[in-house]
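Just so it is clear, none of the values below were taken in a lab; they were calculated from the coordinates. Owing to the predicted nature of the structure, the values given are computational and were not obtained by experimental measurement. As a convention, Cβ positions derive from the backbone with ideal geometry for all residues, glycine included, and neighbour counts pool all protein chains shown.
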Amino acid sequence: RATMKSLRFISAEAFVSNAELAKKSLSSVAHNLFPLLFKASYLLEQGEVIHDLVENWPLVDFNMGKLLGTTVDYQEDLSHRTCSVCLESCLTGLRDYVLNRASPYVKRLKVVDLTGMKDVEVQFCECKKTMGRWGRTQLLCKVCLELLVDLQQTECNPGTSAISIDVLIDLFVTERNYELVVQALLKKCYCPLKICCMAFRSDNLALQKFFFIIKLTDPSSLRKLEIVHNVRLEMEHLEILFNSIHFPLLTSLTLPARTFNVRRFTATDERMLTNIGEKMGEMTQLTELSTSFSILTGRIQKLLSPLKTPLKMLDVSNCSLNRADMAYLANSFHANHLEALDLSGHNIPDLYPSIFFKLLSHSSSVLRSLTLEDCNIQDTHVNMLILGLSPCQKLQEFKFLGNPLSSQALKHLFTFLCELPKLKNVEFPVPRDCYPIGTTYPIDDASLCRFDHQKYESVAKELNLILLQANREDVKASTPLFGSYDAIVQETNNELGAYLIKSFKETLEKFTTSLNKMS
């Protein structure tokens, strides 16, 4: 359905549709109309006009999330349009804002906020070229370094030296853009555009480089830290990180797979885990923690009990939690505040069904997202699951891929899910009866696609019909076999693949060397 536009917005579209005319007329445009013209230009992908608007921006702040979000004149939120043409025009316009001596406006700009952009799977911009978080990091750093060169080579207005603009951004650093980002951060004090890192993500990066660059980001201002793929951070490194750097404003922490491994725990490891827990306790703003694919059996209390602020998001998927761990979570002060919970990879029905439902009961008033993938939930558990989910009236997202459920059980579950008023997204497994008899769970990657696709399509239609008949067209139901769309992985998948091949090759070489020594 088309979003209604006010007459002001329609007039703004008409104005910006002629780039040459708009450029000539900008000097006579009232300050308070710049945000309106910016959103209209962004919608129409008028790169030249976007550049000129930013170059002559007359206001104190420039907040992309607010400018492109829902407004009185045009309610559609455009912040998910990470259009390459538009974003490049914004940042080059920002560079020229500093360099432009002829602008009729007093340079009042103090803060540029790029953190409100949302990376999504389907783009509606006409150019179909997106600029994700990695690309935005790359371009901003490039623009800052180019600006320094331009300032050295050109004779600038004496007032230029007084310009200082904080540019708030969520940085994403990999091996490929590491050197560029380091250079931009090292020269930050000389550049009128001051990169201010609000969130930092690192993939495919040597540990030594990670430790060097994280210190350059001003950790005291960091809100979110994500150390994800191919950063070989283990518990001893995490302890060094927390002992040497303080993160007083950190609200969200994501750690890479296998950061913790209690199977080999020694007295030294116990001391390290205690110290890490205490350091996390000093992060008084921390409300989100993800530490999937670690082994934390019997140690979840030691890690989480020092926290002074209740967690709103907890991802402990595939962390080999035992009954004591689940009992701690169910009875902890975190339980009543959990808005997002991921317990994938745990055999919930066999190991601790009653404790899990106690945890679900405590978080039911606030829980918005629940992920229970590969949890061995079978047909006999569906009624119990429905009973546990019934109080979760705020649930917006439920993911339960990889569970051995039949078509009939899924239909029964979907009939119930229609009753959850806020539900928007469901990820359900391929029915067990679509796979060959004898298929064991969890299903390995090689067997994942070997199912009766025609039968699956028929069942999926029936499940969507259940939603349709209950007037729940607003619920999206899907089966992403290899996981949900990840914009960041999608943007850097070539680099990720190359890194994995390199790691595999190095492992083979070490193995071959060891064999040669033995022989």
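Using DSSP to define loop residues, name the GluC sites (Glu not before Pro) in the range 133-218 whose beta-carbon has at most 12 other beta-carbon atoms within 10 Å.
Glu155
Once phi is turned into ³J(HN,Hα) by the Karplus curve 6.51 cos²θ - 1.76 cosθ + 1.60 with θ = phi - 60°, what whole-Hz value does each residue of the range 190-201 show in order, with x for glycine and proline?
Couplings: 8, 9, x, 8, 9, 5, 10, 7, 8, 9, 10, 10 Hz.
Mind pulling the angle between the C-alpha long axis of helix 407-417 and the longest principal axis of the chain? Nearest 10 degrees, somewhere in 0 to 90.
That helix lies at roughly 50 degrees to the long axis.
Whole-Hz Karplus ³J(HN,Hα) for the range 303-312, in order, using 6.51 cos²θ - 1.76 cosθ + 1.60 and θ = phi - 60°, x for Gly and Pro?
Here the 3J(HN,Hα) series is 6, 9, 4, x, 5, 9, 10, x, 6, 9 Hz.
Compute the distance in nm between two label points, each set 7 Å from the Cα along the Cα-to-Cβ direction, one at Lys24 and one at Lys110.
3.7
Could you state the per residue volume, in Å³, of the convex hull enclosing the Cα atoms of the range 141-255?
96
If you find the alpha carbon centre of the range 182-222 and of the range 334-371, how far apart are they in angstrom?
36
What trypsin sites (Lys or Arg not before Pro) in the range 303-374 are in a loop by DSSP, with at most 13 other Cβ atoms within 10 Å of the Cβ?
Of the trypsin sites (Lys or Arg not before Pro), the ones in loops of the range 303-374 whose Cβ has at most 13 other Cβ atoms within 10 Å are Lys308.
From Cα coordinates alone, what are the radius of gyration and Dmax values for the range 212-295 in angstrom?
When restricted to Cα atoms, the range 212-295 yields Rg and Dmax of 12.5, 35 Å.
For Asn322 and Ser406, calculate 0.36 nm times their separation in residues minus their Cα-Cα distance, and state this gained length in nm to one decimal.
27.5 nm
Helix 235-244: angle to the longest alpha-carbon principal axis of the chain, degrees 0 to 90, nearest 10?
Taking the Cα atoms of the chain, the angle to 235-244 is about 40 degrees.
Quick check: Cα centre of the range 233-291 to Cα centre of the range 110-151, how many Å?
31
Taking just the alpha carbons, could you work out the radius of gyration and Dmax for the range 142-181, both in angstroms?
Cα-based Rg and Dmax for the range 142-181 come out at 13.4, 38 Å.
If you restrict to DSSP beta bridges whose two residues both lie in the chain, what percentage is antiparallel, to the nearest 5?
Taking every DSSP beta bridge with both residues in the chain, the antiparallel ones total about 5 percent.
Full extension from Ser17 to Lys422: what is 0.36 nm times the residue separation minus their Cα-Cα distance, to one decimal in nm?
Computed gain between Ser17 and Lys422 is 141.9 nm.
I need to check one value: relative contact order of the chain, counting alpha carbon pairs closer than 8 Å and at least 6 residues apart, in percent.
Relative contact order comes out at 8 percent.
Using only the Cα atoms of the range 393-452, construct the convex hull and provide its projected area averaged over every direction, in square nanometres to one decimal.
Here the figure is 4.4 nm², rounded to one decimal.
If you compute percent of Cα pairs over 38 Å apart for the structure shown, which of (i) 25; (ii) 51; (iii) 39 do you land on?
Working out percent of Cα pairs over 38 Å apart from the coordinates points to (iii).
Short version: ³J(HN,Hα) in whole Hz for each residue of the range 13-19, in order, from phi by Karplus 6.51 cos²θ - 1.76 cosθ + 1.60 (θ = phi - 60°), x for Gly and Pro, what are they?
4, 5, 5, 7, 5, 10, 4
What are the chymotrypsin sites (Phe, Trp or Tyr not before Pro) within the range 41-110 that DSSP puts in a loop, where the Cβ has at most 16 other Cβ atoms within 10 Å?
Loop-located and lightly packed - none at all.
Taking the simple approach of a point 7 Å from Cα along Cα-to-Cβ for both Thr274 and Lys308, what is their distance in nm?
That separation, rounded to one decimal, is 2.1 nm.
Considering amide H positions built from the backbone, and no H for Pro or chain starts, which residues 5 or more places from Thr130, or on another chain, come under 5 Å of its amide H?
Ser84
For Lys194, what residues show an amide H to amide H distance below 5 Å, using hydrogens built from the backbone and excluding near sequence neighbours?
HN-HN under 5 Å from Lys194: Ile165, Asp166, Val167.
Over the Cα atoms of the range 7-131, compute the convex hull volume and normalise it per residue, giving Å³.
About 98 Å³ per residue, rounded to a whole number.
Would you mind computing the Rg to Rh ratio of the range 219-483 from its alpha-carbon coordinates, Kirkwood style for Rh?
Rg divided by Rh gives 1.00.
With the crude spin-label approximation of a point 7 Å out along Cα→Cβ, what separation in nm comes out for Lys215 versus Asp474?
5.1
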